[in-house]
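The values are calculated or read from the model by the stated rules, or taken from the named source; none is laboratory data. Worth saying up front: this structure is predicted, and the values here are computed from it rather than measured. Cβ atoms come from the backbone with ideal geometry, glycine included; neighbour counts cover every protein chain shown.
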Amino acid sequence: MSQIENGTAKRILRAEMVRRDVSYDDLARLLGEAGVKETNKSLRSKLSRGSFTADFFLQAMNAMGVSSLRIVE
């Protein structure tokens with residue numbers, strides 16, 4: 001099994017935001033509705049660093065209504 005390249009999760013999350021026309025403000029609101037407290041600034045920081053947990057990744061995907069992903073290397 002090969003490892004996923006560093007930064008892949010960040011690119012996937014950003015791509016889904018663009019695909020769904022979700023801004024950082026929108027994502028902060030959607031996450032807030034799901035009980036996850038994030039600000040526009042904290043989201044920008046997390047995504048620019050690419051340092052977030054798998055739990056956060058899944059919460060963000062769920063908040064945006066992503067039900068499936070296709071990951072191809």
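Considering region 19-72 alone, what residues qualify as being at negative phi and acidic (Asp, Glu)?
Result: Asp25, Asp26, Glu33, Glu38, Asp55.
Could you list all residues from region 4-13 that are of a type outside the set (A, V, I, L, M, F, W, C) and surrounded by fewer than 13 Cβ atoms within 10 Å (Cβ to Cβ)?
We begin by selecting, within region 4-13, every residue of a type outside the set (A, V, I, L, M, F, W, C); these are 5-8, 10-11.
Listed by number, the residues that qualify are Glu5, Asn6, Gly7, Arg11.
How many residues, within region 15-41, are within 14 Å of Ile71 (Cα to Cα) and surrounded by 12 or more Cβ atoms within 10 Å (Cβ to Cβ)?
Here the count works out to 1.
Assess whether Asp55 counts as being part of a loop (DSSP other than H, G, I, E, B) and either among the hydroxyl-bearing types (Ser, Thr, Tyr) or surrounded by fewer than 11 Cβ atoms within 10 Å (Cβ to Cβ) (or both).
Here the answer is no, as Asp55 does not meet what is asked.
Scan (1) at pLDDT 95 or above; (2) of a type in the set (D, E, K, R); (3) in a loop (DSSP other than H, G, I, E, B) for the single condition Arg29 breaks and write down its number.
(3)
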